[in-house]
Structure formats: C-alpha cells, structure tokens
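One structure below.
The values are calculated or read from the model by the stated rules, or taken from the named source; none is laboratory data. All values derive from a computational prediction rather than experimental measurement. Just the protein is used for accessible areas: all its heavy atoms, side chains included, with ligands, DNA and RNA removed. Shrake-Rupley method; radii C 1.70, N 1.55, O 1.52, S 1.80 Å.
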Amino acid sequence: MEKNTVTFQVAGKTYTISSSDTVEYLHRVITLINRRIADLSVSMPSAGREDVAVAAMLSFADELIKAQDDNRRLRQSLAQAPRAPIDAPVAAP
C-alpha cells in the first residue's frame, strides 16, 4: 500500500505525516483542524497555542463521540426495523 507524505502547519508549527490515505483526504483533515483552531483562537483570544489545541481536541472528541452514538442508535434502529422479503413485489407509484 502506497504511503503519502504531507508536510503541513497547524497553529504555526510544521509537521510531516505519512499515511495510506490520499493527499486530498489529508488536506481535508488538515484544513478542518486549522479552521477549528482559528475559530477557537478568536473565541479564546487570551489562550496560548497549547490551550487552543487542547480545546480543539476536546471539541473534535465531543463530535466524534456524539457521531458514534448516533451511528449506534441508527444501526440498532435498522436492525430492529421490519424487512420486506427480497422477492416481494414493489408497489406501483
């Protein structure tokens, strides 16, 4: 599997990562991180770079956990939904 290497800046610091994800995907991730940090920097003007980065991590973790919970609920709902047989006729519109 091919590894893509990307050098980028987050909060003024340069990082290099290698990943099997596409370069386009990595740029999307980096853009999302930088936007979140920029937004938090505006709402936390006296916070240092590290504090803003921690706030961004907490924000992303919160979103991730909520999305995982939503995903779990949807999967449970789908698993419990009645299913029509595959060969059942489809009603005409």
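Among the residues of segment 41-75, what is the count of those that are polar (S, T, N, Q) and open to solvent by 100 Å² or more (accessible area, probe 1.4 Å)?
Residues of segment 41-75 that are polar (S, T, N, Q), as a first pass: 41, 43, 46, 59, 68, 71.
Subset that is open to solvent by 100 Å² or more (accessible area, probe 1.4 Å): 46.
Looking only at that region, the number is 1.
Please work out which residue is most open to solvent (accessible area, probe 1.4 Å), limiting yourself to segment 76-87 and to residues that are part of a helix (DSSP H, G or I) and either within 25 Å of Val42 (Cα to Cα) or of a type in the set (A, V, I, L, M, F, W, C) (or both).
Within segment 76-87, the match that is most open to solvent (accessible area, probe 1.4 Å) is Leu78.
What residue, among those in segment 1-60 that are assigned to a helix (DSSP H, G or I) and among the basic types (Lys, Arg), is nearest to the chain's Cα centre (by Cα)?
Arg28
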